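K.L.:
This structure is in structure tokens; I'll ask about it shortly.
All of the numbers you see were taken from the coordinates with simple rules; none came from a lab. The structure displayed is predicted, hence computed values, not measured ones. Glycine also receives a Cβ, built like all others from the backbone with ideal geometry; neighbour counts cover every protein chain displayed.
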Amino acid sequence: MRCIAVYGASGFGREVMPLVRGQYGGEGTEFVFVDDGAADGKSVLSFDEFLRRPQASRQIVIAIANSAVREKLAARCVKAGIESLDVKAANASILDDVVLGEGSILCGFTQMTSNIRIGRYFHANIYSYVAHDCVIGDFVTFAPGVKCNGNIHIDDHAYVGTGAILKQGTPDKPLRIGRGAVIGMGAVVTKDVAPGETVVGNPARPMPPR
């Protein structure tokens, strides 16, 4: 017997759970949500309740959009000896020479093409793609419909908003998205984005101070 948990019982977690059941379902497997903020001891467990489950095997999928929280929860699971699972929708596509770190979630209609390196706990929401020769760091999040074209380097904890388009770089000058940068919804990124910077618009520009 084993118990597989989706860490996060809000909207994204509920979207991910059917993918988890479809990929890992089988006799002797129980599926639960874990969310300390919404635990009710029945349909949603706290992390400590999950650890006390009687199953011989416990595994987890971290479906938390906030990358800083995702990193903390990943460390918590490692400390507790809980294995993190990768999730890939049945209609997601991975082509040649793609390396994905642990804990990735590839939602429906996502595509990874060729010669791609992606770090730990990457989230690619529905209809997003990563094209050739891209390098993506740890705890990076793609909202729905992100178009990440070829020769782009994205550092850890970057967030790319719904419908954003990242212009293709070149082998000698890849487009660079810095650590912790935020790309706004629908932005068209044609130039490098500095670490921690938020850009919006078409073409994307730094968000003016309020």
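K.L.:
DSSP beta bridges in the chain, what fraction antiparallel, as a percent rounded to 5?
P.N.:
The answer is about 5 percent antiparallel.
K.L.:
Still on this structure: Can you tell me the relative contact order of the range 35-97? Whole percent, Cα pairs under 8 Å, sequence separation 6 or more.
P.N.:
23 percent
K.L.:
Hey, another quick one. At what distance in angstrom do the alpha carbon centres of the range 85-126 and the range 14-50 lie from each other?
P.N.:
Each part's Cα centre sits 22 Å from the other's.
K.L.:
Also: Taking the Cα atoms only, what angle lies between the long axis of helix 11-24 and the longest principal axis of the chain, rounded to 10 degrees?
P.N.:
It works out to around 70 degrees.
K.L.:
When N counts the residues of the range 61-164, how does its alpha-carbon radius of gyration compare numerically with 2.2 N^0.38 Å, as a ratio?
P.N.:
My calculation over the Cα atoms of the range 61-164 gives 0.99.
K.L.:
Test of understanding: extend the Cα→C-beta vector of THR170 to 7 Å, then name every residue of the range 191-206 with backbone N under 20 Å from that spot.
P.N.:
191-193
K.L.:
Ok, one more. Would you mind computing Rg(Cα) / (2.2 N^0.38 Å) for the chain, counting N as its residues?
P.N.:
Details: Rg = 17.6 Å, N = 210, 2.2 N^0.38 = 16.8 Å.
This ratio for the chain stands at 1.05.
K.L.:
Could you give the size of the charge dipole of the chain about its Cα centre, using +1 on the Cβ of each K and R and -1 on the Cβ of each D and E, expressed in debye and rounded to the nearest 20?
P.N.:
Computed charge dipole of the chain: roughly 360 debye.
K.L.:
At what distance in nm do the modelled label points of ALA194 and ALA80 sit from each other, each positioned 7 Å from its Cα along Cα→Cβ?
P.N.:
Using points 7 Å along Cα→Cβ, the separation is 4.0 nm.
K.L.:
In addition: Please list, ordered by chain and number, the residues whose modelled amide H lies under 5 Å from the amide H of ARG205; skip anything fewer than 5 residues away on the same chain.
P.N.:
VAL200
K.L.:
Considering all projection directions equally, how large on average is the shadow of the alpha-carbon convex hull of the range 103-163, in square nanometres?
P.N.:
Seen from a random direction, the Cα hull of the range 103-163 projects 3.2 nm² on average.
K.L.:
Considering only Cα-Cα distances, which of the following residue pairs are longer than 25 Å: LYS88/LYS191; LYS72/LYS167; LYS88/LYS147?
P.N.:
On the way: LYS88/LYS191 31 Å; LYS72/LYS167 32 Å; LYS88/LYS147 18 Å.
Cα-Cα > 25 Å for LYS88/LYS191; LYS72/LYS167; rest within.
K.L.:
Next question. In a shell of Cβ-Cβ distance under 14 Å around ALA9, excluding ALA9 itself, what net charge do Lys and Arg (+1) and Asp and Glu (-1) give?
P.N.:
Spelling it out: positives minus negatives among the neighbours equals -3.
K.L.:
Consider all pairwise Cα distances in the range 158-210 and report the whole-number % of them above 12 Å.
P.N.:
Counting pairs separated by more than 12 Å, the tail of P(r) holds 59 percent.
K.L.:
Any idea what angle helix 67-80 forms with the longest principal axis of the chain, computed on alpha-carbon atoms, 0 to 90 degrees, nearest 10?
P.N.:
Helix 67-80 sits roughly 40 degrees off the main axis of the chain.
K.L.:
In Å, what Kirkwood hydrodynamic radius results for the range 87-133 from the alpha-carbon pair distances?
P.N.:
So the Kirkwood estimate lands at 10.3 Å.
K.L.:
List the longest stretch of the chain that has no exposed loop site; here a site is one of the GluC sites (Glu not before Pro) assigned by DSSP to anything other than H, G, I, E or B, with at most 15 other Cβ within 10 Å.
P.N.:
Within the chain, the longest run free of exposed GluC sites (Glu not before Pro) spans 103-210.
K.L.:
Hand me the trypsin sites (Lys or Arg not before Pro) from the range 18-69 located in a DSSP loop with no more than 14 other Cβ atoms within 10 Å, in residue order please.
P.N.:
Hits after loop and neighbour filter: LYS42, ARG52.
K.L.:
Oh, and also: Where Rh denotes the Kirkwood radius from the mean inverse Cα pair distance, what is Rg over Rh for the range 64-109?
P.N.:
Values: Rg = 12.6 Å, Rh = 12.2 Å.
So for the range 64-109, dividing Rg by the Kirkwood Rh gives 1.03.
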